[in-house]
Every structure is written in structure tokens, then in C-alpha cells.
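Worksheet: the structure to be examined is printed underneath.
The values are calculated or read from the model by the stated rules, or taken from the named source; none is laboratory data. Please read all numbers here as calculations on a predicted model, not as lab measurements. Counting neighbours? That spans all protein chains shown, and the Cβs are built from the backbone with ideal geometry, glycine included.
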Amino acid sequence: MISKPKGTRDIYGREAKIWKYVEELIDATMDKYNYTYMRTPVFEESELYHRGVGESTDIVTKETYDFMDRGERHMTLRPEGTAGVVRSFIENKMYGDNLPIKVYYNGPMYRYERPQAGRYREFTQFGVEVLGSNDPMVDAEVISIAVNIYSMLGLENIKVNINSLGDTESRDRYREALINYFKPHINELCSDCQERLLKNPLRILDCKVDADNELLINAPTTIDYLNEESKKRFEDVCSYLDILSIKYEVNPKIVRGLDYYNHTVFEVEADIEGFGSQNVIGAGGRYNGLVNQIGGPETACMGFATGLDRLVLALEKEEIKLPINEGTDLFLMYVNEDEKKYALYLAQELRMAGFIVDTEYTGRSLKAQFKQADRLNSRFSAVLNSEDLDNNEIKIKNNKTKKEAVISLDTLIYYLDENLNAGENEFGDDADKFLREHDKSCDGDCCCGDNDDDCSCGNCHCH
Ligand code: HAM
């Protein structure tokens, strides 16, 4: 048997329905914020990630899926979405357009990590990027998008941690302070961190090996090295978050594992018992230098991404009931070939009218078809019996109340509409009442009195 690659997942059945619901909610929400959907390639030239995400990050040094294509070009499966969006912004000269550009994306990312619950080698990120504004209001809006989406999904137990790395001057001062702090203890650090000390000491702070090392826990924090301007900017972000009633905690330990950040950085944790160590469901920050670094003009940017795999896991752990459709409206059953042909035709008609309809495809006995209707959680089922069909009738059963009714085929759509939308089966127990209220058949004489062939009263089915 061929198995799926390590660290990848098959998403199907109920879980796939949850994904679809989450993705539709994201699309609808992003429309409201007026962010445009964007797709960039799943692979890019390797150099983009080396220059963009950073030479000293774990993502680039240890986790990328690199390959040489048949034209001997170095390619990398994207480990994240921001660098690709920035490349596209520059290549398509979007900086000439009305700024800011507000985009979102949703797609697979690849990192060669050690798989565990919530951490995969192929995972899906939904992310947003705002390119071309340095207003702290944008930082607050981006953080609020993340929080609002989690909250619309019913995820209440989350914690927003925010921090500021400051501008280049503040970051340089902080970098200096970290080097001075760690240098005397270099031998107490793991071999990777010893290398990171001069290359990029910030990366020591999110080292997975040294995470519990006292040295890291007591290291200097960014906040103490912010210059006045950066401090004021961070205060503005916080005050805008207050206006939006977003609860957050300033956590000076948040530095993020990618090199491109400055000023605001944030992480959203799922505060859920038993969720495991991979509890950061979304994260992001400001990256004012990246566009320039990749060859474009100075552009202030802010964004975040959330791992949909982790988000769906959180929804499941919290047992959040989402309004996902878990059944069909009608299951059509038949025995002989003529009835089957009618089932094929009727299923199509009803689907086009907006109903969720299924039928039999494997030659089951009638008894087994009833069981199949139950398995599919069908709200109604109908046996297409040749005799009934000759009389223009159909026997329909409400699978919840178990009541049966024989109705005219002409009224089937109305019958389903009324009963499905009425929720608690308004007419199901009283088919006669339903038929009286919906008797739109006529015996030749048009019920509106207008007896010609192009009667357009809309009340009867005689034309
Ligand atoms: P990141 O923190 O590397 O940031 O990833 C963002 C989110 O992707 C994480 O919080 C997590 O939910 C999910 N994620 C990351 N790695 C994995 C994995 N191996 N398995 C499952 N889920 C994972 C970024 O990628 C930045 N591009 C975010 C950003 C956008 N910053 C500014 N704009």
C-alpha cells in the first residue's frame, strides 16, 4: 500500500465540511474588510526565501523543501505566504497603485518539521497582508481580523500576546544588548545558538532546544530598548486595540521566528486544555523593510497568518458546533429501470431548484436503500414507484416523524420547501392540509379565470 508522505494529512468527511465552513466564513469576512483574494505560486525561486524569511531562521536553514527543476533552477516549496505576496507586489508594480494594497490568501505551505499534533509538513495558512501603510491603525485592524474570525467561529479561549521590536535603531540597540548578555555564557548555549549569537542573536530567543534554559528566560526584553518614536507607535497600536475592545497582553518575550519583523509582533494562543505544545494558532507582525530588501521601494507592511489545521483542531477540541450541513434533503429510491431513469431526471430538477438530493447508485435492494437514506441522514425519502408515477404522484416520507404522504409530483418542490424550511414539519402530519393550501393544479380551466395559453398569473401550473 502506498501511504501519504509523513507530516501530510487527508482531510475528508465531517472534517472537510468544517474546513469548508471556516474557509467560507473567512471569504465572507474578508469581503467586509475589503481585502482582495490573492493567489501566488506554491513554489518560488529559493533565493526569495533566503533573502525574505532570513538566512538565520530555522525555516530557511532546516525546514525548506528545496529542489532543482529540470532547467537546473533552485526552487523552494513555499514555507509561508508573505515573501510570495511581496515578490508579486514588486513584480506587478502594485506600489504604483492606490496604496495600501490589502490582500488575503489561503493555501498550502511546506516545512520539513518533526510532525506532531498541530505541526505538519504540509499545512494550510490563511493570511492577510497590508502593503503601503505605516499607520498603527493598520496593525490594530490586522490583529482584530484574526481575533474576530476566531470569535465568529465560537473560539473564546484564546490569548493575544503582543510586543514591539521597534524600528531599526531600537532593534540594533537590542541586538547589541543580547550579544553582551549571552557572550559570557556562550558555552551554555546549544551549538546552533552559538552560531546565532553573532549572526542573529534574536533567533536564540525562540530556539526550540534551549527553550527552558534559564539564560533565555532572563534575557533582556525588546520593550526596554525601544526609542521614543517606537514606544509611542506601540502605545498607539495598543490604544487602537482598546477602541476595538480586543483583549491582549503585552508579552516582551515574543520575538517571532522570521527575520523580517519590526515594530508590532503578535501571536494568538489557543488557551485550551490538552491542546498540546503547538498552540499558536495565528501570528504576524509588521515588516517595513522586506519590500526594499527584495528589490522594491521602501514600503511599510503588516500582516498575519493563521494555521487552518490548528484552528480546526481547536474547534474540535472545544467541541464547537458549527452550522454545517450534515445530511441530504431527499433520498430518491427506485427498483426498476424506468423508475431509475425518473430518479435521475427528478434528482437533477430538484438540485437545480436548490435542494440537496441523493439517490441509489449501487443496485441495493429497496430495504437497503431505506438504510442508506438513514445513513445519509436524509430528512425526506421517496420511493419512485411506477404506478404512482403514472398517476403523477410520489410517496414521500418524513424520516424524522416517520409520517408518509402521497402528493402530486407538481407540488413536490413546494412540499419540500415548506417542510424543510418550516423546520418542525409544518404540514408533514397533515398532508391534506398541505395539498389544500398548495392546490395549484387545474383541470383545463385556469384558476385565475384567464384561460389562454400564455397565462402568466404565476398561480397555477396549467401552462
Ligand atoms: P508563522 O508564525 O511561521 O508566520 O506561521 C503562522 C501560523 O501558521 C502559525 O501560527 C501556525 O498556526 C501555522 N503553522 C506554522 N507552521 C506550521 C506547521 N508546521 N504545521 C501546522 N501549522 C503551522 C508566518 O508564516 C508569517 N508569514 C505570518 C505573517 C504574515 N507575518 C506577516 N504576515
- Kindly establish whether V22 is buried (at least 17 other Cβ atoms within 10 Å of the Cβ) and either touching a residue at least 24 places away in the same chain (Cβ under 8 Å) or touching a helix residue (DSSP H, G or I) at 6+ places or on another chain (Cβ under 9 Å) (or both). yes
- Would the range 7-15 turn up any residue that is in contact with a Pro (Cβ under 6 Å, 6 or more places away or on another chain), at pLDDT 95 or above and within 18 Å of L313 (Cβ to Cβ)? yes
- Failed condition for K17, given (1) within 15 Å of the ligand (Cβ to nearest atom); (2) in contact (Cβ under 8 Å) with a residue 60 or more places away in the chain, with all others met? (1)
- Message: Against the condition over 25 Å from D309 (Cβ atoms) and assigned by TED's automatic domain parsing to the domain that holds V255, how does D69 come out, does it pass?
- Response: yes
- Item | Output for the range 205-225, where each listed residue is surrounded by 14 or more Cβ atoms within 10 Å (Cβ to Cβ), part of a helix (DSSP H, G or I) and out of contact with any Asp or Glu (no Cβ under 7 Å at 6 or more places or on another chain) | L205, D206, T222, I223, Y225
- Out of (1) at pLDDT 95 or above; (2) within 16 Å of the ligand (Cβ to nearest atom); (3) assigned to a loop (DSSP other than H, G, I, E, B), the odd one out for L258 is which? (1)
- Query: Is it the case that V255 is in contact with an Asp or Glu (Cβ under 7 Å, 6 or more places away or on another chain), surrounded by fewer than 20 Cβ atoms within 10 Å (Cβ to Cβ) and either in the same structural domain as I394 (by TED's automatic domain parsing) or not hydroxyl-bearing (S, T, Y) (or both)?
  - Reply: no
- Message: Quick check on the range 155-163. Is at least one of its residues buried (at least 22 other Cβ atoms within 10 Å of the Cβ) and over 30 Å from T61 (Cα atoms)?
- Response: no
- Message: Filter the range 114-173 down to the residues that are closer than 19 Å to Y260 by Cα, away from the ligand (no atom under 13 Å from the Cβ) and either without any contact (Cβ under 8 Å) to a residue 24 or more places away in the chain or assigned to a loop (DSSP other than H, G, I, E, B) (or both) and list them by number.
- Response: G132, S133, N134, D135, G166, D167, D172
- Looking at this structure, is R121 under 28 Å from G166 (Cβ atoms) and at pLDDT 95 or above? no
- Message: Would you confirm whether or not the range 232-254 contains a residue that is of a type in the set (G, A, S), out of contact with any helix residue (DSSP H, G or I) (no Cβ under 6 Å at 6 or more places or on another chain), within 25 Å of V85 (Cα to Cα) and more than 8 Å from the ligand (Cβ to nearest atom)?
- Response: no
- Looking only at the range 99-108, decide whether some residue is in the same structural domain as R78 (by TED's automatic domain parsing), away from the ligand (no atom under 12 Å from the Cβ) and closer than 28 Å to P220 by Cα. no
- Report, by residue number, each residue of the range 278-310 that is surrounded by fewer than 18 Cβ atoms within 10 Å (Cβ to Cβ) and farther than 19 Å from D206 by Cβ. N292, Q293, G295, P297, E298
- Task: Among the candidates Y112, Y95, Y105, single out the residue that is within 27 Å of D27 (Cα to Cα), of a type in the set (S, T, Y) and surrounded by fewer than 18 Cβ atoms within 10 Å (Cβ to Cβ).
- Result: Y95
- When (1) under 22 Å from the mean Cα position of the chain (by Cα); (2) away from the ligand (no atom under 16 Å from the Cβ) are applied to L350, the one that fails is (1)
- Message: Being touching a Phe, Trp or Tyr at 6+ places or on another chain (Cβ under 9 Å), within 16 Å of the ligand (Cβ to nearest atom) and farther than 24 Å from N279 by Cα is true for just one of V86, V53, V60. Which residue is that?
- Response: V86
- Query: Does G71 meet the test of being under 15 Å from T36 (Cβ atoms), at pLDDT 95 or above and either within 27 Å of the chain's Cα centre (by Cα) or away from the ligand (no atom under 12 Å from the Cβ) (or both)?
  - Reply: no
- Quick one: how many residues across the range 261-272 are modelled with pLDDT of 95 or more and either among the aliphatic types (A, V, I, L, M) or part of a loop (DSSP other than H, G, I, E, B) (or both)? 2
- Does F275 qualify as being modelled with pLDDT under 95 and either under 19 Å from K102 (Cα atoms) or crowded, with 18+ Cβ neighbours inside 10 Å (or both)? yes
- Query: Taking the range 275-322 as the region of interest, how many residues are assigned to a loop (DSSP other than H, G, I, E, B), over 27 Å from L155 (Cβ atoms) and within 13 Å of the ligand (Cβ to nearest atom)?
  - Reply: 3
- Query: Which residue, of L384, L435, L376, is modelled with pLDDT of 95 or more, farther than 28 Å from G13 by Cβ and surrounded by 14 or more Cβ atoms within 10 Å (Cβ to Cβ)?
  - Reply: L384
- Message: What are the pairs with Cβ atoms under 9 angstrom where one residue, in the range 343-371, is under 15 Å from I394 (Cβ atoms) and the other, located anywhere, is at pLDDT 95 or above and among the basic types (K, R)? Sequence gap at least six, or different chains.
- Response: V357/R351; T359/K340
